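Engineer: Before anything else, here's the structure in question.
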Protein chains: 2
Amino acid sequence: MRRDIFQAIADPTRRAIIALIAIHAMTPNAIAEQFDISRQAVSKHLRILTECELVNQEYQGREIYYQLEIKKMKQIDKWLEQFRKNWEDRFDALDNLLTTMKGK
Amino acid sequence: MRRDIFQAIADPTRRAIIALIAIHAMTPNAIAEQFDISRQAVSKHLRILTECELVNQEYQGREIYYQLEIKKMKQIDKWLEQFRKNWEDRFDALDNLLTTMKGK
DNA sequence: AAAACGTGCAACCGATTGGTTGCAAATATA
DNA sequence: TATATTTGCAACCAATCGGTTGCACGTTTT
């Protein structure tokens, strides 16, 4: 099983789930209500997210609250790093600013 | 066919190709030499990358030079934006710095 | 104690993926 | 002109994906 973070975010439903639980922890049932797929399908997505350590599970009685392990997202950012120097955007702008400040 | 940028970077071979042609344009043959898969398999990857406009094609005689359309990578960065405020790293540090500067 | 609820897992299914081989077309070279 | 090179495309294949339904198990509620 490949199951790395890039494969995890490849599916649009999974990205939507990620965005949902980034705000606050949610149970599988609550998540499933937001989509047109079965609770079990959501469960499978959560399993994949769990396998690449993108989510926390917090057991609370018979409910399980899933929350995004937001630090894991940095991994994507890290990969992007190698290309970032080649596009001009707010980060470049900030980099330039810092460089300028250092120079002074 | 889904074929968005997230699906494009889901495959590790494709990520390697992206990293390769980010440096300088390459022909399919030259790219294929770097991997243990057939030239046709590389060609299929390039087709996918082309379909989501991640690469440029420059025809030169019978050769075709493929280069990364680096600006398209910003799309990933843009998606990451919504999570970035929640992790502490150099970008947060820069954000805080900017906020501080604005405040003064 | 019985019933209802929240969850994960297994089995199944059609579509997609990433690879292969073979071939045709265009360009370059002998 | 004949031959070699570079490429894309089609057909095929096994494996994986994203969904489904059914079920078992633990926790709550009645």
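Engineer: Between a residue in the range B:8-23 that is at the interface with another protein chain (Cβ under 9 Å from one of its Cβ atoms) and any residue that is hydroxyl-bearing (S, T, Y), which pairs come within a Cβ distance under 7 Å, given they are 6 or more apart or on different chains?
Structural biologist: none
Engineer: How many of the residues in the range B:24-43 are near DNA strand D (Cβ under 8 Å from one of its atoms) and hydroxyl-bearing (S, T, Y)?
Structural biologist: 2
Engineer: Same structure again: Tell me the helices (runs of 4 or more DSSP H) entirely within the range B:1-62 that contain at least 2 residues that are under 22 Å from A:L80 (Cα atoms).
Structural biologist: Hits in the range B:1-62: B:5-8, B:12-23, B:39-51.
Engineer: How many of the residues in the range A:51-76 are farther than 17 Å from B:A10 by Cα and either open to solvent by 40 Å² or more (accessible area, probe 1.4 Å) or among the hydrophobic types (A, V, I, L, M, F, W, C) (or both)?
Structural biologist: 16
The values are calculated or read from the model by the stated rules, or taken from the named source; none is laboratory data. The structure displayed is predicted, hence computed values, not measured ones. Methodologically, a virtual Cβ is constructed for each residue, glycine included, from the backbone with ideal geometry; neighbour enumeration extends over all protein chains shown. Accessible surface areas use protein heavy atoms only, side chains included; no ligands, DNA or RNA. Shrake-Rupley method; radii C 1.70, N 1.55, O 1.52, S 1.80 Å.
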